[in-house]
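This report refers to the structure that appears directly beneath it.
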Amino acid sequence: MGKKRKGEPNRMVRCDTLCHIINDRKLLLIKKSAGLFGGGKWNGLGGKIRASESPEQACTREVYEESGLKVSNLEYHGALTFWFENADEHIIVYVFSTKSFEGQIREGKEGVLRWIGFDEIPYEEMWEDDRYWLPMLLQGKKFEGEFQFNKEGNKLLNHKLESF
């Protein structure tokens, strides 16, 4: 999975960040607006890394843009690679968490923000891969994984995940 086969065209790589903000056994999740990548799904905050940014800088910027919160003391958990059938690119996501933030939550065009308890995480309304690695993040573990979806992104076809 994820390896280039003979005769397969080169694929572009997109690098993103994902941050789970934790407060009192609750996660700040965003339900992405319709029309956006992941629209209608609950997710952590984050987005694309700009050419001039480190993953940490991009994570901090994206969280602020999506929520109005300033985060610090980011804990790096690992990288996840996502493949979509027949796509010209795959996505590498650098996953972080933090318990350090300041500011007032403000919603924007990205979606609806909610604090959700660890025991109420809506896995059935999230990307299918989250149920595999998010519990590891909540336990403070480091991990690395690959997830292959169908071209619509609504069916996980294959995955591998390692904790270290």
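The values are calculated or read from the model by the stated rules, or taken from the named source; none is laboratory data. Worth saying up front: this structure is predicted, and the values here are computed from it rather than measured. For neighbour counting, all protein chains shown are included, and Cβ atoms are generated from backbone atoms with ideal geometry for every residue, glycine included.
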Which condition breaks for residue 86 when tested against (1) assigned to a loop (DSSP other than H, G, I, E, B); (2) modelled with pLDDT of 95 or more?
(2)
Selection from region 98-134 of residues part of a strand (DSSP E or B) and under 14 Å from residue 20 (Cβ atoms) yields 98, 100, 101, 113, 114, 115, 116, 117, 126
Does any residue in region 79-107 that is without any contact (Cβ under 8 Å) to a residue 60 or more places away in the chain and hydroxyl-bearing (Ser, Thr, Tyr) come within less than 8 Å, Cβ to Cβ, of a residue that is surrounded by 14 or more Cβ atoms within 10 Å (Cβ to Cβ) and in a strand (DSSP E or B) six or more places away or on a different chain, and which pairs are these?
100/71
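Let's see how each residue does on (1) over 12 Å from residue 17 (Cβ atoms); (2) exposed (fewer than 14 other Cβ atoms within 10 Å of the Cβ); (3) touching a helix residue (DSSP H, G or I) at 6+ places or on another chain (Cβ under 7 Å); (4) of a type in the set (S, T, N, Q):
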position	(1), (2), (3), (4)
42	yes, no, yes, no
50	no, yes, yes, no
55	no, no, no, no
71	no, no, yes, no
81	yes, no, no, yes
85	yes, yes, no, no
For residue 21, are the conditions met, namely being buried (at least 21 other Cβ atoms within 10 Å of the Cβ), in contact with a strand residue (DSSP E or B) (Cβ under 6 Å, 6 or more places away or on another chain) and in contact (Cβ under 8 Å) with a residue 40 or more places away in the chain?
yes
